[in-house]
Each structure stands twice: as structure tokens, then as C-alpha cells.
1. I'd like the full set of residues that are buried (at least 19 other Cβ atoms within 10 Å of the Cβ), assigned to a loop (DSSP other than H, G, I, E, B) and out of contact with any Leu (no Cβ under 6 Å at 6 or more places or on another chain), limited to the stretch 245-262.
2. Please state which of the following conditions residue 156 fails to meet, knowing it meets all the rest: (1) surrounded by fewer than 18 Cβ atoms within 10 Å (Cβ to Cβ); (2) more than 28 Å from residue 133 (Cβ to Cβ); (3) of a type in the set (A, V, I, L, M).
3. Give the residue, chosen from 146, 134, that is surrounded by fewer than 15 Cβ atoms within 10 Å (Cβ to Cβ), within 24 Å of residue 175 (Cα to Cα), over 15 Å from the mean Cα position of the chain (by Cα) and polar (S, T, N, Q).
4. Test of understanding: among 276, 184, which residue is touching a residue at least 40 places away in the same chain (Cβ under 8 Å), closer than 24 Å to residue 142 by Cα and not β-branched (Val, Ile, Thr)?
5. Of the residues in the stretch 112-122, how many are under 18 Å from residue 167 (Cα atoms) and assigned to a loop (DSSP other than H, G, I, E, B)?
6. Could you tell me which residue of the stretch 67-78 is farthest from residue 44 (Cα to Cα), considering only residues that are touching a Ser or Thr at 6+ places or on another chain (Cβ under 7 Å) and either part of a loop (DSSP other than H, G, I, E, B) or modelled with pLDDT under 95 (or both)?
7. Can you tell me which of 116, 95 is farther than 18 Å from residue 195 by Cα, more than 19 Å from the chain's Cα centre (by Cα) and of a type in the set (A, V, I, L, M)?
8. List, please: which pairs have Cβ atoms under 8 Å, are six or more places apart or on different chains, and start with a residue in the stretch 156-170 that is over 22 Å from residue 207 (Cα atoms) and in contact (Cβ under 8 Å) with a residue 12 or more places away in the chain and end with one that is surrounded by 14 or more Cβ atoms within 10 Å (Cβ to Cβ) and hydroxyl-bearing (Ser, Thr, Tyr)?
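The values are calculated or read from the model by the stated rules, or taken from the named source; none is laboratory data. Here the structure is a predicted model, which means the values were calculated and not measured. Counting neighbours? That spans all protein chains shown, and the Cβs are built from the backbone with ideal geometry, glycine included.
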Amino acid sequence: MTLRLAFCLLAGLITAGAASAQTTATFIAASTVDLENPHDLKLSPDGKYLFVSDVGNNRVAILDPETLALIDQFGADHQSGTHDVDFDAEGRAYVADTHNGRVTIYAMTGTKAKLVGELKERLSGPEGVLVHPNGRVYVAGAWSGNVVAYKDGKIVKELKGLSSPHDLERTPGGDIWLSDAGNDRMLLLSPDLEIKREWKGAPYDFDGVRYQDVLPDGTVIAADKNNHQVKFIAGDGRVLLVLGSGSAGKGPGLFTTPEGIEVRGNTLWVSDSGNDRIVKYTFTVE
């Protein structure tokens, strides 16, 4: 039995096969709020709110992470094609305002946002943003095929030659996982944007891998969009669990072009983008 496809679905419980029997995920709930093609999502620093990049509505939708009910929203009057959100140590929100070719920066007071700045130099179609503890802001230009690192608003590093790069997420050691979607691979980058590792081909078989999150033990949970799957991959590269049948669907353990991933503790939120909803799971990785 292979690691990649060994799983079963029963009453909302999804579990890997014999090769990784201790990795499981259980469906909890799905949102009913009006979303259109939601992409990446991020919990606020205090954990009270789930910020959702609501692409089709050109806004950030703010949900209750427990009930998935809509609490507030912002950006619809000036954003276009909102794709990603991250926060800095002061609680400012950085939003990939993709179709406007920039990252917008907001001072947040609860759920209220005030636009205070932007990053846009050497970017086209930014779809991923990461605020790193090293003081740099990393932005993936999906249309410009690059990752740009800013510090104090100035470019300090750049990685070129990518194809539709998307999400950037920090590892526990400070390196960065990048979803290089158009090349169907994930790259582990140093903070100076040097390529340290590549996940491509078997056993991952990515097809348009998009957004992701990284657990404290280094496990990566990635949305493999065109395979309609969510994949759990150990830091050493072993595929632990695959959620999704490989075909578009709707229901426990099924997705249609999933995009966004967010984790807190043993709770997983996924933007089931093609179904215009957010779904919530609990999981164990042992």
C-alpha cells in the first residue's frame, strides 16, 4: 500500500492507511456565509477572528473561527482580487491585493482596518505574502514569476524564474516553504531566498499546489488545487495523509479546487474554493 493514496472515508472520519495509521482528520463544519472563490485564510494574532481572502468579492471577510459566521469585512471599496493575508508583530494586516499589483497594509483595531501603506515595487499579480520575524516581508508575484523580500519598504532580495508562485510559510527553523504552483512543486527557501530543497513529482504529484501551513513539528499541510486534495507531508518529505478523492466533490473529505489552509492546534480550516465555502476539520499527526 502506498503512502499517497491510502485513505478511507467513513462518517466524516478520514484516516491514512497502514503506512501512516496515526494521521487522521475529521470533518467538523462548513460555512454558509456568501463567499465567492475564497483563497488563503489567516487567524488574527489573538486567535479571535479568521481573515478570509474573498477573491470574487474583492474583500477580506472576517469570520468567527468556531462557528464560521461572518463578523465583519473590509477592502471591497479599493481591493481587487484579494488573495492572501498575514500579520506582523504589531498586528498590522498585509493583504495581497492581486489585481491592483500590490500588498496593502492595514492598522487593525479589532475587525476595523485602516489603510496605512503598500508594497508594489517589482511585483505583478502578488498572491502570497509572509511577514517574517527577521523583519522582512516576502511577497510572491504570481504574474511576475518572482519572490521579493522587502525590509523597511525597500527590496533586499529577489528570486526570479518561478511559475505562478503562491504561498509562503515559515518553518519552525525560520526557512520558508514556497508553493511554486505553475511548476507543480514546493521549494524550501532560506531567508535569503536560496533554494534548499524541492518537492516535485512522485510521491507528491502536485497539480497546481497553492496555499499551505506548517505545523510546529515541520509537517506541511498543502492545498493541491487541481487534484482537489489537501496533503499532509512530514518535514522529511513523507506523505502522511491525502484528503480528497482526486476528483471535484462536496462533502466530508471532498473538495473542489481547494486553495487556503490555516491551522491552530489540531484544528484545520480549508478554503474549499470551488464550492465557495470554508470547511473545518480536526486532525492528529503522530
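1. Within the stretch 245-262, the first condition is being buried (at least 19 other Cβ atoms within 10 Å of the Cβ), and the residues that meet it are 252-255, 257-262.
Filter once more, so that each one left must be assigned to a loop (DSSP other than H, G, I, E, B): 252-253, 255, 257-260.
Listed by number, the residues that qualify are 252, 255, 257, 258, 259.
2. Every condition holds for residue 156 apart from (2).
3. Result of the check over 146, 134: 134.
4. Numbers: 184 fails: touching a residue at least 40 places away in the same chain (Cβ under 8 Å).
Only one candidate passes the filter, namely 276.
5. Initial filter on the stretch 112-122 (under 18 Å from residue 167 (Cα atoms)): 119-120, 122.
Remaining after also requiring assigned to a loop (DSSP other than H, G, I, E, B): 120, 122.
Here the count works out to 2.
6. First, pick out the residues of the stretch 67-78 that are touching a Ser or Thr at 6+ places or on another chain (Cβ under 7 Å): 68, 71-72, 75.
Applying the additional criterion that residues be either part of a loop (DSSP other than H, G, I, E, B) or modelled with pLDDT under 95 (or both) yields 68, 75.
Values: 68: 14, 75: 16 Å.
Out of the qualifying residues, it is 75.
7. Details: 95 fails: more than 19 Å from the chain's Cα centre (by Cα).
Of 116, 95, the one residue that is farther than 18 Å from residue 195 by Cα, more than 19 Å from the chain's Cα centre (by Cα) and of a type in the set (A, V, I, L, M) is 116.
8. 156/150
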